[in-house]
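S.K.: Shown below is the structure under consideration.
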Amino acid sequence: METSSGGSSDEGRRIFKVDTWCSQFRNGSNPWMARYIYALMFLIANLLAWAVRDYGRGALTEMERLKGCHGARDCLGAEGVLRVSLGCFIFYFTMFLSTTGTSKMRERRSTWHSGWWSAKIILWIAFTIIPFVLPATVIRLYGDVAHFGAGVFLLIQLVSVISFITWLNDCCQSDKAADRCQIHIMLLATMAYVICLVGIISMYIWYVPQPTCLLNIFFITWTLVLLQLMTSVSLHPKVNAGILTPGLMGLYIVFICWCAIRSEPGGGKCIRNAETSTKTDWLTIISFIVAVLAMVIATFSTGIDSKCFQFRKDDNQDEEDDVPYGYGFFHLVFATGAMYFAMLLIGWNTHHPIRKWTIDVGWTSTWVRIVNEWLAVCVYRKSLF
């Protein structure tokens, strides 16, 4: 029995290393290539949800199952997004249940994860169609659950980002690279702080055109205070974490603060050139495309970072036949990501008016971002002790 397993393992490694990508795709032997296909399917689901929201209201109005909206324009668009999201969630959650716990490449569940694409595409299409025949009450219930699932996704992404920053700092401060990377660390940290300050000043210029914009002043100023707090804690003698990690974390929270203020509804007095923010132009379209791609890339990169979520670290060296990343965790991240992109497209509010070619706009979106920023600082501070 052991000889048979070893032969199967050797054969799988031979296919993985020697065969062409087309052969690996057909044989289901390359989990690294499989993740790109899952990401492409996720991107298609995102674009489908956007198309249903912005251009599918006429078709949705004709569907008997959607009469719970009473023909309301914003409700129909939101429900369409939630239905596409539900289908995407069911697909990836099914993959999570069928692949979780896979540890060896020779297992059949590994082949299922990396192959059987014809069956999985049919399954994906079926799961996308089924939610459109469900009653509106089920979709509204899913919308409530999706708020929680999207929050879980943000938390997973947050831990992944902090884990990467900590790993990068540990690599630079290791005994082998400490002397060689000292100058690089100083340059990178200095550049990070300069970008943070430039970003904060730019936000004051663009989003505080008058002294009455107290909320934006609070958001930006508090971000500056948090940056100073992270730096002080990192340089404390009992912590001594250096200046690289707070600098990189500063970039992260400044970016989140910018996203939060950008999510504020257009037309207000606290956005410079606010009258142009309500028009759909090429800049709005480009921003939307970049936002969608960034969301897919963030989901993709977080999905393969399962080791930072292991409660018990395994000191044993990885064997050649071990799976390269946690399949179950990978699909779980995409399942919660399906809920997250639904919340972004509807502004975290099923009855919120949504303009075409916009994403993550609304006061709910703003406060979700701000709370995520504050939570990021709390998690980072806790990781230092």
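S.K.: Take the residues in region 176-190 that are assigned to a helix (DSSP H, G or I) and modelled with pLDDT under 85, then tell me which one is nearest to Ile243 (Cα to Cα).
M.R.: Result: Ile185.
S.K.: Among the residues of region 281-301, is there at least one that is surrounded by 12 or more Cβ atoms within 10 Å (Cβ to Cβ), at pLDDT below 85 and part of a loop (DSSP other than H, G, I, E, B)?
M.R.: no
S.K.: Let me ask something additional. Looking at region 167-174, can you tell me whether even one residue there is acidic (Asp, Glu) and more than 18 Å from Ser365 (Cα to Cα)?
M.R.: Yes, some residue in region 167-174 is acidic (Asp, Glu) and more than 18 Å from Ser365 (Cα to Cα).
S.K.: Okay, moving on. Answer yes or no as to whether Met339 is buried (at least 23 other Cβ atoms within 10 Å of the Cβ) and modelled with pLDDT of 75 or more.
M.R.: yes
S.K.: When you check Gly347 against the structure, is it small (Gly, Ala, Ser), in contact with an Asp or Glu (Cβ under 8 Å, 6 or more places away or on another chain) and crowded, with 23+ Cβ neighbours inside 10 Å, yes or no?
M.R.: When the stated conditions are applied, Gly347 passes them.
S.K.: Which condition number in (1) among the hydrophobic types (A, V, I, L, M, F, W, C); (2) at pLDDT below 85; (3) open to solvent by 10 Å² or more (accessible area, probe 1.4 Å) is the one that Leu66 fails?
M.R.: Just one mismatch for Leu66, condition (3).
S.K.: Considering only residues that are open to solvent by less than 50 Å² (accessible area, probe 1.4 Å) and free of Cβ contacts under 8 Å to residues at least 12 places away in the same chain, which ones fall in region 105-119?
M.R.: Glu107, Ala119
S.K.: Can you tell me which residue among Leu344, Leu332, Leu375 is farther than 27 Å from Trp258 by Cα and modelled with pLDDT of 85 or more?
M.R.: Within the list Leu344, Leu332, Leu375, the selection yields Leu332.
S.K.: Out of the residues in region 215-230 that are of a type outside the set (A, V, I, L, M, F, W, C) and open to solvent by 20 Å² or more (accessible area, probe 1.4 Å), state the one that is nearest to Val377 (Cα to Cα).
M.R.: So the residue we want is Gln228.
S.K.: Could you please let me know if Thr212 is open to solvent by 40 Å² or more (accessible area, probe 1.4 Å), under 21 Å from Trp367 (Cβ atoms) and touching a residue at least 40 places away in the same chain (Cβ under 8 Å)?
M.R.: Judged against the criteria, Thr212 is a match.
S.K.: Output yes when any residue across region 250-258 is farther than 15 Å from Ile162 by Cα and open to solvent by less than 70 Å² (accessible area, probe 1.4 Å), and no when none is.
M.R.: Yes: one or more hits.
S.K.: Show the residue pairs that are 6+ apart or on different chains and have beta-carbon atoms under 9 Å apart, the first residue being within region 93-104 and open to solvent by less than 50 Å² (accessible area, probe 1.4 Å), the second being of a type in the set (Val, Ile, Thr) and not in a helix (DSSP H, G or I).
M.R.: Filtered contacts from region 93-104: Thr102/Val323; Lys104/Val323.
S.K.: With Glu275, Glu264 as the choices, which residue is at pLDDT below 90, in a helix (DSSP H, G or I) and charged (D, E, K, R)?
M.R.: The unique qualifying residue is Glu275.
S.K.: If you check Phe164 against the conditions, is it among the aromatic types (Phe, Trp, Tyr), closer than 30 Å to Val239 by Cα, crowded, with 16+ Cβ neighbours inside 10 Å and touching a residue at least 24 places away in the same chain (Cβ under 8 Å)?
M.R.: no
S.K.: Another question, then. Any idea which residue in region 24-39 is modelled with the lowest pLDDT, counting only those that are hydroxyl-bearing (Ser, Thr, Tyr) and buried (at least 21 other Cβ atoms within 10 Å of the Cβ)?
M.R.: The selected residue is Ser29.
S.K.: Please count how many residues of region 129-141 are touching a residue at least 12 places away in the same chain (Cβ under 8 Å), open to solvent by 20 Å² or more (accessible area, probe 1.4 Å) and assigned to a helix (DSSP H, G or I).
M.R.: 6
The values are calculated or read from the model by the stated rules, or taken from the named source; none is laboratory data. Small disclaimer: the values here were computed from a predicted structure and weren't measured. A quick note on method: Cβ atoms are made from the backbone with ideal geometry, for glycine too, and the neighbour counts reach across all protein chains shown. Accessible surface is based on the protein model in full, side chains and every heavy atom, while ligands, DNA and RNA are left aside. Shrake-Rupley method; radii C 1.70, N 1.55, O 1.52, S 1.80 Å.
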